[in-house]
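Nothing in this text is a laboratory measurement; each read-out follows from the coordinates by a stated rule. As the structure is a prediction and not an experimental result, all values here were calculated from the model. Reconstructed Cβ throughout: ideal geometry from the backbone, glycine too, with neighbour counts over all protein chains shown.
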Amino acid sequence: MKVLFIGDIVGRRARNYAQEKIIELKTKLKLDAIIVNVENSAGGFGVTPSICDDFFRVGADVLTTGNHIWDKREIISYITKNDRLLRPLNMIEGTPGLGMTIVDLDAGKIGVANIMTNLFMQKTDNVFDKIPDILENLKLKKNVDFSLIDIHGEASSEKMALGNALDGKVTAVVGTHTHVPTADYQILENGTAYITDVGMSGDYNSIIGMNKKDALNRFLFPQNKKSRLEVSNGEPTLCGVIIESEIGGLSKSIKPLRIGGKLEQTNLE
Ligand SMILES: [Fe+2]
């Protein structure tokens with residue numbers, strides 16, 4: 001299967017651009033599935049039901065999130081009724097919504113799990129304790145033909161440890177949250193595609209997608225009352241990875257995709 005994963009969408013302009021590109025890329029690249037991290041898509045903080053509906057309408061199959069999932073309160077009732085919008089799996093028991101899902105598509109069954117790491121992140125259950133749960137439910141060749149784990153986290157060491165813990169057992173492990181793309185995309189030793197961070201889809205003339213002046217002032221003048229961060233509205237770069245699996249469900253390739261804005265670099269064949 002050929003699957004596009006798009007990194008954290010930041011704000012309206014990046015959202016509109018991503019939706020436009022999803023329609024175009026689905027046909028042009030003959031994609032079997034599209035997964036998008038939407039946790040910053042509503043003004044940089046959270047996601048709303050109508051934004052999710054728009055992404056599903058243009059062709060996204062599963063939406064993932066992270067620590068900002070509950071920023072817009074109206075998402076709570078939506079997520080309880082929608083099994084294709086995920087929140088991190090390792091949130092405390094009783095949290096609304098799902099952290100893992102299986103979608104039956106024309107090309108096969110795709111399983112997606114969303115987890116949040118522990119280092120420098122808001123408190124969740126130990127992320128490593130969730131590995132057996134993921135492997136049990138998203139078993140390749142048995143339950144799914146393709147499996148992708150979105151690891152939402154800050155520390156590259158922790159993400160790489162998780163990638164290697166899952167190597168050979170899932171199709172792909174992709175990192176999100178730092179908003180900065182890493183260049184370590186690779187097929188790990190036992191066949192799992194991996195990247196520490198896909199990078200945000202947003203304005204790279206910014207500080208991780210936010211207006212530079214406000215973000216910088218927080219570091220320069222930490223004693224001042226924090227001003228609210230605003231999304232930086234320059235031309236966005238869409239950042240993602242394209243993963244191709246082979247029969248059996250492990251990966252044969254992972255390629256970065258960066259279209260538009262300051263980071264554009266990818267050829268699309
Ligand atoms: Fe995040």
Checking the table LYS2/LYS141; LYS141/LYS255; LYS109/LYS169; LYS109/LYS159; LYS30/LYS139 against a 21 Å threshold on Cα-Cα, which pairs fail?
LYS141/LYS255; LYS109/LYS159; LYS30/LYS139
Over 5 Å intervals from 0, what percent of Cα-Cα pairs in the stretch 177-269 sits in each interval?
3, 14, 18, 17, 14, 12, 8, 7, 4, 2, 1, 0
Listed highest first by mean packing, meaning other Cβ atoms within 10 Å per residue, what order do 225-233, 141-149, 250-258, 34-42 come in?
34-42, 141-149, 250-258, 225-233
Taking 0.36 nm per residue of separation between GLN265 and ASP129 and subtracting their Cα-Cα distance, the length gained on full extension comes to 45.2 nm
Overall Cα dimensions of the chain, principal axis frame, Å, largest first
55, 42, 35
Can you pull the one-decimal nm distance between simple spin-label points at LYS225 and ASP83, each 7 Å off the Cα toward Cβ?
4.7 nm
Could you give the size of the charge dipole of the stretch 2-259 about its Cα centre, using +1 on the Cβ of each K and R and -1 on the Cβ of each D and E, expressed in debye and rounded to the nearest 20?
560 debye
Give me the percent relative contact order of the chain, please, defined on Cα pairs under 8 angstrom at least 6 residues apart.
18 percent
Which of these, LEU166, LEU25, LEU89, has the largest mean-square fluctuation under a Gaussian network model of the chain (Cα springs below 10 Å)?
LEU25
Using a Gaussian network model of the chain whose springs link C-alpha atoms within less than 10 Å, name the residue from GLY66, GLY97, GLY248 with the highest mean-square fluctuation.
GLY248
Once you've got the GNM for the chain with C-alpha springs shorter than 10 Å, pick whichever of THR48, THR64, THR171 has the biggest mean-square fluctuation.
THR48
In the stretch 120-208, which GluC sites (Glu not before Pro) are in a loop and have at most 16 other Cβ atoms within 10 Å, using DSSP for the loop call?
GLU189
